[in-house]
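Before any comments, here is the structure.
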Amino acid sequence: MTTDQIILFSLFGLVFAMLLWGRFRYDLVAFSALMIGVVLGVVPTKDAFSGFGHPATLIVALVLVVSAGLVRSGAVFLITRTLVDSARALGAHIAIIGAIGAVLSAFMNNVAALALLMPVDIQTARKAGRSPAKSLMPLSFATILGGMATLIGTPPNIIIASIREEAMGEPFGMFDFAPVGGITAIVGLLFVALIGWRLIPAREDAGKKAAELGQYIAELTVPAESKLIGKRLAELDNDAEDADVAVIGLSRDGERRYGSARNTVLREGDALVLEASPDALDEFRAALSLNFSDEKREEHLKAAGDGLDIIEIVVPENARIAGKTAQALGLAWRQGAVLMGISREGRRIRSQIRKTEVHPGDILLVLVQKNRGADVTDWLGCLPLADRGLVVTADSKMWLAIGLFIGAVAAASLGLIYLPVALGLVVVAYVLAKIVPISELYTHIEWPVVVLLGSMIPLGAALDSSGGTSLIANALIDLTAGLPAWVVLTVLMLVTMTLSDVLNNTATTIVAAPVGIQMANTLQVSADPFLMAVAVAASSAFLTPIGHKNNTLILGPGGYRFGDYWRMGLPLEILVVAVSIPAILVFWPM
């Protein structure tokens, strides 16, 4: 093993370890590794930033903007409003909304597809009087499966197509993934709709948390001249019971008190620590004339105009507020909003709400100025839990948005125009037609993913050129020596799938795809089946809430625990391997 190989393997090992640890965001980890690689000389200086102009990076960014255009035009909501009905049986609902999610994910970012459908699914569950825990995980898995079917459905497919172009002179086309990815997605959807949802744990506490979707830890303060001053905390039990609120503690001078706090005599400025749903919280506040935890900000909000709204939002992995506190982010003075409560897998929040670090998957209860909920949600980088209704610019623009997108996909599929150029033209047309306001153009791009791709691509190329991928490939070939071709493909899939369950699937693909090509070259067979195996495996992250962003998004709203995912995810991954290997050998023979 050469010095360069040792350095690169060490860098990749460090990157994977840091991603598993999760202390630092993945884009910072990847970019730091790239800079270290350049300084140590294993990544040529001239190639240091080549990943940021790579076609895969550009396509990912452009697809996100195009997805936003389809949403703003009202095209997506038209579909969901037409096809989703709360009166259907649970299995039928999962089949239909899962199919919608899968089809949307094939042509737009699968995180965006889930973000659109999750509020619809939650509202449908509420109307039907059932727990959304039974349908949110199937919906998440369906959107992940749907992305396998096309080139632009998921970043791993985009990366693999670009790596194939570099290695073999021609990328995969728009629908080259469909024979394998499409069949796998259909079979996976059937499993999820017929059997999979029945495997989700039916724990009473999980069902209760998911059904209520709103047991927040929140604070309400005792104002000056309140009738509560001088009373003991325990004397509020009857009022709390009437409003269906649990008084779990008291916060005084920034210190939380539990247990013995029940005998504490209340003073002005004390903050009652409560566990309640939004409606119950507001009822309790009104009944006892309490203030929100940030009294000064509440008065500012009331003075701002037309009243107040309370919104529920879920925190995705790359949200502006993820990993920060509301106070540190400046939510109050930047957006004139107050963080009222946090719901986190049923666990109690032990510090003051505005000083509590927000985690991906948390559900936040936020007080905002009237009609400012969407703006505050977008600024925070979060997703609403309530159905937002149709956001339609005009019927003509809706069909214009759909027509432009279909035209670009058709032109790219027929080889008339290079895919990044086709998508770029759609973005320009969306801006000129005011489907996507130019002021919002860059806000729809997921910049951490762009930085991750731009950083990992040069590192992956360096590992390949140094012979590192050959070492991995040869080790896998030695492991499967003398075994049939389908066993070799299965081993590659299992290794890739395992990495994708615990790491970012983009980073996994950048390493695994060149390994697949090297394995094919060593065996003197076509590289295409190996690339297809990596594509399917990298997208099959069903065992944990950290393997795919969609799984993280549903963690809080579904009331799930870390160990809930594998119950449906493990048989689904086994099914994916069982279906995709024969399909690969049929459609992409060696």
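Only a single criterion out of (1) among the hydroxyl-bearing types (Ser, Thr, Tyr); (2) open to solvent by less than 10 Å² (accessible area, probe 1.4 Å); (3) not in a helix (DSSP H, G or I) is not satisfied by residue 131, namely (2).
For the range 21-46, a tally of residues being open to solvent by 70 Å² or more (accessible area, probe 1.4 Å), out of contact with any Leu (no Cβ under 7 Å at 6 or more places or on another chain) and of a type in the set (A, V, I, L, M) returns 3. Here 536, 491, 579, 515 are screened, and the one residue that is buried (at least 24 other Cβ atoms within 10 Å of the Cβ), touching a helix residue (DSSP H, G or I) at 6+ places or on another chain (Cβ under 7 Å) and farther than 30 Å from residue 383 by Cβ is 515.
Tell me whether the range 553-560 contains one or more residues that are in contact with a helix residue (DSSP H, G or I) (Cβ under 7 Å, 6 or more places away or on another chain) and open to solvent by 10 Å² or more (accessible area, probe 1.4 Å). Within the range 553-560 (the criterion being in contact with a helix residue (DSSP H, G or I) (Cβ under 7 Å, 6 or more places away or on another chain) and open to solvent by 10 Å² or more (accessible area, probe 1.4 Å)), the answer is no, since none of the residues qualifies. Counting the residues of the range 165-183 that are over 23 Å from the mean Cα position of the chain (by Cα) and either in a loop (DSSP other than H, G, I, E, B) or crowded, with 22+ Cβ neighbours inside 10 Å (or both) gives 9.
Within the range 419-439, the set of residues being open to solvent by 60 Å² or more (accessible area, probe 1.4 Å) and more than 30 Å from residue 511 (Cα to Cα) comprises 425, 428, 432, 434, 438, 439. Scanning the range 411-438 for residues that are at pLDDT below 90 and outside any loop (DSSP other than H, G, I, E, B) yields 412, 413, 419, 420, 438. Exactly one residue out of 342, 310 is open to solvent by 40 Å² or more (accessible area, probe 1.4 Å), β-branched (Val, Ile, Thr) and assigned to a strand (DSSP E or B), and it is 310.
Looking across 16, 49, one residue alone is open to solvent by 20 Å² or more (accessible area, probe 1.4 Å) and touching a Gly at 6+ places or on another chain (Cβ under 8 Å). It is 49. The criterion of at least 1 residues that are modelled with pLDDT under 90 and of a type in the set (Gly, Ala, Ser) is met, among helices (runs of 4 or more DSSP H) falling completely within the range 476-590, by 485-502, 505-523, 555-558.
Looking at residue 546, is it in contact with a Phe, Trp or Tyr (Cβ under 8 Å, 6 or more places away or on another chain) and β-branched (Val, Ile, Thr)? For residue 546, the condition - in contact with a Phe, Trp or Tyr (Cβ under 8 Å, 6 or more places away or on another chain) and β-branched (Val, Ile, Thr) - is not met.
Checking the conditions here, which among 378, 362 is crowded, with 22+ Cβ neighbours inside 10 Å, of a type in the set (Asp, Glu) and modelled with pLDDT of 80 or more?
Values: 378 fails: crowded, with 22+ Cβ neighbours inside 10 Å.
Result of the check over 378, 362: 362.
State whether one or more residues within the range 165-178 are closer than 21 Å to residue 548 by Cβ, of a type outside the set (Phe, Trp, Tyr) and modelled with pLDDT under 90. Taking every residue of the range 165-178 in turn, none turns out to be closer than 21 Å to residue 548 by Cβ, of a type outside the set (Phe, Trp, Tyr) and modelled with pLDDT under 90.
Cβ-Cβ distances below 7 Å connect the following pairs, each with a first residue in the range 27-50 that is assigned to a helix (DSSP H, G or I), a second residue that is open to solvent by 60 Å² or more (accessible area, probe 1.4 Å) and of a type in the set (Ser, Thr, Tyr), and a separation of six or more residues or different chains: 38/45. Any idea how many residues of the range 317-339 are open to solvent by less than 10 Å² (accessible area, probe 1.4 Å), part of a loop (DSSP other than H, G, I, E, B) and either in contact (Cβ under 8 Å) with a residue 12 or more places away in the chain or under 16 Å from residue 363 (Cβ atoms) (or both)? The qualifying residues number 4.
Among residues of the range 411-433 that are under 16 Å from residue 61 (Cβ atoms), those with a Cβ under 7 angstrom from a residue that is open to solvent by 70 Å² or more (accessible area, probe 1.4 Å), sequence gap 6+ or separate chain, pair up as 420/58; 431/438. Among the residues of the range 228-244, the ones that are open to solvent by 100 Å² or more (accessible area, probe 1.4 Å), outside any helix (DSSP H, G or I) and within 17 Å of residue 264 (Cβ to Cβ) come to 1 in all.
Pick out the one residue from 443, 469, 498, 480 that is polar (S, T, N, Q) and buried (at least 21 other Cβ atoms within 10 Å of the Cβ).
So the residue among 443, 469, 498, 480 that is polar (S, T, N, Q) and buried (at least 21 other Cβ atoms within 10 Å of the Cβ) is 469.
Out of 105, 73, 140, one residue alone is surrounded by 18 or more Cβ atoms within 10 Å (Cβ to Cβ), farther than 30 Å from residue 432 by Cα and in contact with a helix residue (DSSP H, G or I) (Cβ under 9 Å, 6 or more places away or on another chain). It is 140.
For the range 446-466, a residue qualifies if it is under 24 Å from residue 3 (Cα atoms) and open to solvent by 10 Å² or more (accessible area, probe 1.4 Å), and the qualifying residues are 457, 461, 464, 465, 466.
The values are calculated or read from the model by the stated rules, or taken from the named source; none is laboratory data. Bear in mind that the values here come from a model prediction, so they are computed numbers and not experimental data. Cβ: placed from backbone, ideal geometry, glycine included. Neighbour counts: every protein chain shown. Ligands, DNA and RNA are stripped out before the accessible areas are found, and what is left, the full protein with its side chains, is counted by its heavy atoms. Shrake-Rupley method; radii C 1.70, N 1.55, O 1.52, S 1.80 Å.
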